[in-house]
1. What's the total number of residues in segment 57-92 that are modelled with pLDDT of 95 or more and either aromatic (Phe, Trp, Tyr) or buried (at least 18 other Cβ atoms within 10 Å of the Cβ) (or both)?
2. Can Phe203 be described as modelled with pLDDT under 90, under 16 Å from the mean Cα position of the chain (by Cα) and not acidic (Asp, Glu)?
3. Need a quick list: strands (runs of 3 or more DSSP E) entirely within segment 1-106 having at least 2 residues that are of a type in the set (Val, Ile, Thr) and closer than 27 Å to Leu159 by Cβ.
4. Please go through segment 232-264 and give me each residue that is charged (D, E, K, R) and under 22 Å from the mean Cα position of the chain (by Cα), ordered by number.
5. Only one of Arg101, Arg54, Arg126 is over 21 Å from the mean Cα position of the chain (by Cα) and surrounded by fewer than 17 Cβ atoms within 10 Å (Cβ to Cβ). Can you tell me which?
6. Among the residues of segment 125-143, is there at least one that is under 30 Å from His35 (Cβ atoms), touching a residue at least 40 places away in the same chain (Cβ under 8 Å) and either in a loop (DSSP other than H, G, I, E, B) or not basic (Lys, Arg) (or both)?
7. Search segment 246-258 for residues that are in a loop (DSSP other than H, G, I, E, B) and pair each with any residue that is of a type in the set (A, V, I, L, M, F, W, C) and at pLDDT 95 or above when their beta-carbon atoms are under 9 Å apart and the residues are at least 6 apart or on different chains.
8. Among the residues of segment 231-242, write down those that are surrounded by fewer than 23 Cβ atoms within 10 Å (Cβ to Cβ), in contact with a Pro (Cβ under 9 Å, 6 or more places away or on another chain) and not in a loop (DSSP other than H, G, I, E, B).
Amino acid sequence: MSKPAPLPPGTWVGDYQIVKRLATGGFGIVYLAEHAVQKQVALKEYLPASLAVRAPGELTPQVAPDKLPLYRLGLKSFFEEARALAQITHPGVVSVLNFLRENDTVYMVMNYLQGDTLQEFIVAAREVKGARVLREATIRSLCEEILAGLASVHEHGMLHLDIKPANVFITDDNRAVLLDFGAAREVFNQEANFVRPMYTPGFAAPEMYQRGALLGPWTDLYALGACIYACMQGYPPSDLPQRLDHDRLDQSLSRLRQVYSANLLEITRWCMALDPLARPQNVAELQQALRQRSALRGSQPIESQQLLA
């Protein structure tokens with residue numbers, strides 16, 4: 001299936017003029033746009049490729065009648081997500097400045113961040129990998145910043161549901177910022193048989209594969225544990241079907257014993273427990289575990305130019 005065409009440069013969406021497309025995902029397109037007051041912003045358009053089509057030069061997506069109910073349900077979830085995120089003001093969470101309806105869809109206006117994703121840093125580090133990919137002090141600092149932002153998200157009654165290195169942005173001023181929340185994905189999970197394709201293999205907790213399963217902070221913390229694993233190994237952990245068939249997590253972590261502390265390896269194992277009740281149940285529990293080790297050795301701030309081991 002071909003992806004819906006992006007809006008061309010120069011197109012106006014409300015008071016925002018599109019400069020260029022920045023990224024395309026399964027649920028929408030992100031553009032760089034300009035605004036008279038807010039200057040440059042990131043404009044995220046709800047446009048699920050599995051439900052909608054749009055020809056080059058068109059503004060309004062076309063949705064088949066049988067897919068329209070699910071499209072509208074996802075649209076409502078995307079809009080509610082934007083409204084909820086607009087209430088969160090935390091340096092570790094992407095700032096939503098505005099949201100608007102136009103062209104039979106919804107747009108989320110966010111701060112335009114400059115830097116690179118954690119995924120890009122991991123890939124670069126993997127190419128020069130020695131005994132380790134990212135340094136332990138760097139991983140701990142990243143986790144502390146991500147958890148601080150995630151705590152604010154959870155306090156507002158939300159879950160991220162799509163934490164992965166590609167959704168952690170390291171800004172040029174060395175901040176870790178959570179991007180691309182997955183509320184729309186959860187609607188699709190509950191309302192259709194789209195479950196596994198909607199989530200990134202290796203980072204989705206087991207309960208996300210189960211229709212109607214209880215999700216909570218422990219679901220996001222599984223994904224964070226998978227991010228720690230990726231920072232140490234340079235690649236994602238096995239996805240759920242592989243783990244259920246033959247779980248090699250302990251074996252993989254054991255090979256890192258001479259490289260990373262036992263505390264960090266145990267935290268990773270704890271976060272990635274298959275049983276949700278065997279994981280940390282909230283951010284505070286995980287923060288406490290990380291600080292026990294940090295208090296002994298100290299933790300260094302993130303320096304994006306020094307992320308490589």
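The values are calculated or read from the model by the stated rules, or taken from the named source; none is laboratory data. Computed from a predicted model, the values in this text were never measured in an experiment. Every residue, glycine among them, receives a Cβ derived from its backbone with ideal geometry; neighbour counts consider all protein chains shown.
1. Of the residues in segment 57-92, 3 are modelled with pLDDT of 95 or more and either aromatic (Phe, Trp, Tyr) or buried (at least 18 other Cβ atoms within 10 Å of the Cβ) (or both).
2. Criteria not met by Phe203.
3. Output list reads 28-35.
4. Across segment 232-264, the qualifying residues are Asp239, Arg243.
5. Arg101
6. no
7. If the second residue must be of a type in the set (A, V, I, L, M, F, W, C) and at pLDDT 95 or above, the pairs left are Asp247/Leu274; Leu256/Met232; Leu256/Leu264; Leu256/Leu265; Arg257/Leu265.
8. Leu240, Pro241, Gln242
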